[in-house]
Amino acid sequence: MSATAAQPDSSYFLRKLHSLTGVIPVGAFLAEHFWSNSAALVSATKYDEVSRDLQTIPFRPFIEWAFIFLPLLYHGCYGVYIWLRGSSNVSQYPWVKNWLYTLQRYTGLIAFVYIGWHLYTERWLTHGRSTYDSVSEDIQNPWYLAFFLIGILASSFHLGVGIWNFLCKWGLAATVRAQRAAGRLGVAVGVLFSVVGVLIVLSFRLDWHPFATYLTK
């Protein structure tokens, strides 16, 4: 047996880790982020209150770096590495999986740029102190609005397909029936995140609060 054959396949481990980090914790972070930002659908005051609460979480810097920033950097950078080394055969074999693979690559690149830019502008520049009014003012810019919508849709699609890939690659959906169910779950997640994300953006853009009735007098 050659020395090369005896060496463990590090790329297998890295790809497994890449698939895992896309769901936990990056996917969980997106879910929490959409959930907390949906406070804008209640009222501007509620959004600002939730934002302040998040900034006062004990050990916040450690939690952010350990469970958000570092996993996101790994998932994004290794994803770009895979994207650069990968190839698509959509033109030769236009099957659904090939199209999903290609769209997954491009939406992942868009999502990585969008999330990085979003964290930089809303977390680093403002030190996490952005308010409903400041975000609403930014979204009045049509270019800013378009980038927000594209980023949200790309991130939602990427997460939906990523969940399907994760369940299949980790053997949690081993049978054909289970893989179809995983695919339907991925579609549901992608659609749900897309709808919620667009509604949040509309809230900032239009000063629209459809759940304001939740507030007690």
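The values are calculated or read from the model by the stated rules, or taken from the named source; none is laboratory data. Source: prediction; values computed, not measured. We place every Cβ from the backbone using ideal geometry, glycine too, and count neighbours over all the protein chains shown. Each accessible area value is taken on the protein alone, full model and side chains, heavy atoms only, with ligands, DNA and RNA left out. Shrake-Rupley method; radii C 1.70, N 1.55, O 1.52, S 1.80 Å.
Quick one: how many residues across segment 41-53 are farther than 11 Å from VAL196 by Cα, in a helix (DSSP H, G or I) and either open to solvent by less than 70 Å² (accessible area, probe 1.4 Å) or in contact with a Gly (Cβ under 7 Å, 6 or more places away or on another chain) (or both)? Before you say what the answer is, go through the steps one by one.
Residues of segment 41-53 farther than 11 Å from VAL196 by Cα: 42-53.
This time we only want the ones that are in a helix (DSSP H, G or I), so: 44-53.
Remaining after also requiring either open to solvent by less than 70 Å² (accessible area, probe 1.4 Å) or in contact with a Gly (Cβ under 7 Å, 6 or more places away or on another chain) (or both): 44, 47-48, 50-51.
Residues in segment 41-53 being farther than 11 Å from VAL196 by Cα, in a helix (DSSP H, G or I) and either open to solvent by less than 70 Å² (accessible area, probe 1.4 Å) or in contact with a Gly (Cβ under 7 Å, 6 or more places away or on another chain) (or both): 5 in total.
So how many residues does segment 169-217 have that are farther than 22 Å from PHE29 by Cβ and not small (Gly, Ala, Ser)? Can you show your working first?
First, the residues of segment 169-217 that are farther than 22 Å from PHE29 by Cβ: 171, 173-181, 183-184, 202, 205-217.
Next, only the ones that are not small (Gly, Ala, Ser) stay: 175-177, 179-180, 184, 202, 205-211, 213-217.
Number satisfying all stated conditions: 19.
Out of the residues in segment 197-217 meeting the condition of being part of a helix (DSSP H, G or I) and without any contact (Cβ under 8 Å) to a residue 40 or more places away in the chain, tell me which one is least open to solvent (accessible area, probe 1.4 Å). Full working, then the answer.
Kept after step one, since they are part of a helix (DSSP H, G or I), are these residues of segment 197-217: 197-206, 212-214.
Within this subset, residues satisfying the condition of being without any contact (Cβ under 8 Å) to a residue 40 or more places away in the chain are 202, 206, 213.
Working: LEU202: 66, LEU206: 113, THR213: 120 Å².
Taking the candidates together, the pick is LEU202.
Taking the residues in segment 95-128 that are outside any helix (DSSP H, G or I) and open to solvent by 80 Å² or more (accessible area, probe 1.4 Å) as candidates, determine which candidate is modelled with the highest pLDDT. Spell out the reasoning first.
Step one: filter segment 95-128 for residues outside any helix (DSSP H, G or I), giving 95, 125-128.
Add one more test, that the residue is open to solvent by 80 Å² or more (accessible area, probe 1.4 Å), and what stays is 95, 125, 127.
Working: TRP95: 57, LEU125: 83, HIS127: 77.
In this case the residue turns out to be LEU125.
Does SER194 qualify as being in contact with an Asp or Glu (Cβ under 8 Å, 6 or more places away or on another chain), closer than 29 Å to ARG60 by Cα and either surrounded by fewer than 14 Cβ atoms within 10 Å (Cβ to Cβ) or not charged (D, E, K, R) (or both)?
Details: in contact with an Asp or Glu (Cβ under 8 Å, 6 or more places away or on another chain): no; closer than 29 Å to ARG60 by Cα: yes; either surrounded by fewer than 14 Cβ atoms within 10 Å (Cβ to Cβ) or not charged (D, E, K, R) (or both): yes.
So SER194 fails the test.
Which residue pairs have Cβ atoms closer than 9 Å, lie 6 or more positions apart in sequence or on different chains, and pair a first residue in segment 127-156 that is in contact (Cβ under 8 Å) with a residue 40 or more places away in the chain with a second residue that is of a type in the set (S, T, N, Q) and open to solvent by 50 Å² or more (accessible area, probe 1.4 Å)?
GLY128/GLN55; ARG129/GLN55; TYR132/THR45
Give the number of residues within segment 62-89 that are more than 20 Å from the chain's Cα centre (by Cα) and open to solvent by 30 Å² or more (accessible area, probe 1.4 Å).
Quick first cut of segment 62-89, residues more than 20 Å from the chain's Cα centre (by Cα) only: 62, 84-89.
With open to solvent by 30 Å² or more (accessible area, probe 1.4 Å) added as a condition, the list becomes 62, 84-85, 87-89.
So the count comes out to 6.
Any idea how many residues of segment 146-180 are of a type in the set (Val, Ile, Thr) and open to solvent by 70 Å² or more (accessible area, probe 1.4 Å)? Before you say what the answer is, go through the steps one by one.
Here is the first cut: in segment 146-180, the ones of a type in the set (Val, Ile, Thr) are 150, 152, 161, 163, 175-176.
Of the ones still in play, those that are also open to solvent by 70 Å² or more (accessible area, probe 1.4 Å) are 150, 175-176.
Total meeting the criteria: 3.
Which ones in segment 1-33 are of a type in the set (Ser, Thr, Tyr) and modelled with pLDDT of 90 or more?
First, pick out the residues of segment 1-33 that are of a type in the set (Ser, Thr, Tyr): 2, 4, 10-12, 19, 21.
Of everything in segment 1-33, those that are of a type in the set (Ser, Thr, Tyr) and modelled with pLDDT of 90 or more turn out to be SER19, THR21.
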